[in-house]
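Here, each number is a calculation from the coordinates, and none is a lab measurement. Source: prediction; values computed, not measured. Heads up, the Cβs are rebuilt from the backbone with ideal geometry, glycines too, and the neighbour counts pull from every protein chain shown.
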Amino acid sequence: METKQFTTDEIGEAAELIRQGELIAFPTETVYGLGANALDEQAVKQVYTVKGRPSDNPLIVHVSDFEMVTHYVTDFPKHTKALVDAFWPGPLTLIFDVKPTTFSTTVTGGLNTVAFRMPNNLKTIELIKEANVPLVGPSANTSGKPSPTTAKHVYHDLHGKIAGILDDGPTQIGVESTVLDLTTKNGVPVVLRPGAITKEQLEQVVGKVTLDQHLITEKEAPKAPGMKYKHYSPDVPVWIIDGDKDVFDKAINWAKSKNQRIGLFASDRITSAFSTEVTAIFSFGEDTVEQGTKLLFAGLRSLDEQNIDVIFAQAFPESELGIAYMNRLKKAANQKILKIDSIFE
Ligand code: TXA
Ligand code: MG
C-alpha cells in the first residue's frame, strides 16, 4: 500500500478514507496519532496490527467536541464539566464509564470504561468533523518505539502499512496527554499517565487528585494497561544522567574508557561543553523541561540512527512537567539512572 502524505488542504480526501475504513495518521499538540473510525471494528483491529500493539491495551477515542462524547456516556462524574471547560481542547484524556455495546472490545480492551480526548489541533478537529465519526488514536509509532512528533517519524515506522498521514508540522508538547480516571469509587480523580496537564493544574479545578500508585512505587501494577509495556525505547541503550556537567564528564570518561561511542541528549548548556568528546549530539536548546520534553522523542529517534553504543540523556527534577518527562525517559532507559558517586567510583 502506498502511504499518501496529505497537506492540510486535503483533509476532505483523508476524511473520506477514514469513512472507508482506512487508517490515517493525524497531528495533535502532543504526538501524532494513528486514526481510524472508532465505530468500525475491522479498522480498529488494523490499528493494533500495524502498530504491533498488545490487544489488552485500550485506545483513546478522539472527538471534535464534548457533545460527541455524550453519544457514548450517560452518567458524567461531577467534575466533568469543569475539566472540559478548563482543559479541552488540550492534552487531557478523560476516562468515563461507557454505555454498553457502543464500542467494540477492540477499542475498550474489554474494560467498561473508555478514554476520550479532544486534541488541540484545528486540522485534526476538521478531520474528525468531516469524517463525522470519533477516531481511535494511539500514538502513530511501532509499539515500543518512541512516539512520533513529526510526520516523518510516522512515515519511518508505518509507511506502506497505512493509507495516509496528515502533516501539520512538528507537535508542540512532545509527550502524550495526561490520562485521568474519573470512574474511581471514592470520586477522587486519579492520574494514570502523567502529561503536560499537571496534577497541580488539575487540583486547581477539581480539588484533590491522586497519582496512580505505580507512578509512586515501581512495585505496583499500573492501572492504564499501556503503562506496563516497554516503551519509547531506541535500540541503543539509554542512561539518564542525573546531575550537572561534572556527572556528564564522569559518564563520558567511563564510556570512553570502554571504547563506547557516545550520543548526548541534553541542552545547549551541557552539550556545548562536550562537543569534541562525543560521537553524536542532539541538543534540545534552551535548558528547560519544556524544551527537553518537546524534543525528547525526536532526539532519541535521531541518536538511535547514528553509529553509537550508548545514549546519555539529561534528567530534570520530577515535579510538574518534569514528572511526564522523567516518566518517558525512565522507560526509554529501562530505569537506568546515573548519579554522581554511583557506578563510576
Ligand atoms: O496524547 C495522546 O494521548 C496521544 C495522541 C495521539 O492523542 N495518544 C496516545 O494514545 O498516547 P496511546 O494509545 O498511545 O495511549 C493510550 C493510553 C494507554 O496507556 C492506555 O492503556 C490508556 O491510555 N487507556 C486507554 N483507555 C483506557 C481505559 N479505559 N482505562 C485505563 N487506561 C486507558
Ligand atoms: Mg503510545
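Before moving on, here are some points about what is shown:
- Across Leu192, Leu295, Leu83, mean-square fluctuation computed from a Gaussian network of the chain (C-alpha pairs under 10 Å connected) peaks at Leu83.
- Net charge over other residues, Cβ less than 12 angstrom from the Cβ of Gln291 (K, R count +1; D, E count -1): -2
- Local net charge near Ile308, Cβ-Cβ under 11 Å (Lys/Arg +1, Asp/Glu -1): -3
- Helix-derived mean residue ellipticity, 222 nm - over the chain, DSSP H n ≥ 4, -39500 (n - 2.57), to 500: -8500 deg cm²/dmol
- For Lys223, the residues 5 or more places off, or on other chains, whose built amide H falls under 5 Å of its own are His214.
- Sites Thr102 and Asp242 - FRET efficiency at Förster radius 56 Å, r taken between beta-carbons, to 0.05: 0.80
- DSSP-defined antiparallel bridges as percent of all bridges, the chain, nearest 5: 35 percent
- Take the Cβ atoms of Glu10 and Asp268, set R0 to 51 Å, and the FRET efficiency comes out at 0.85.
- Candidates Ala332, Ala38, Ala163: whichever shows maximal mean-square fluctuation once the chain is modelled as a Gaussian network with Cα springs under 10 Å: Ala163
- Nearest-20 debye value, the chain charge dipole, Cβ charges on Lys, Arg, Asp, Glu: 900 debye
- Check: the stretch 1-156 dipole with +1 on Lys, Arg Cβ and -1 on Asp, Glu Cβ, in debye: 480 debye
- Counting only Cβ charges, +1 for Lys and Arg and -1 for Asp and Glu, the dipole size of the stretch 72-170 around its Cα centre is about 120 debye.
- Net charge of Cβ neighbours under 13 Å - reference Ala280; Lys, Arg +1; Asp, Glu -1: -2
- Among Thr113, Thr293, Thr105: highest mean-square fluctuation, GNM of the chain, C-alpha pairs under 10 Å: Thr105
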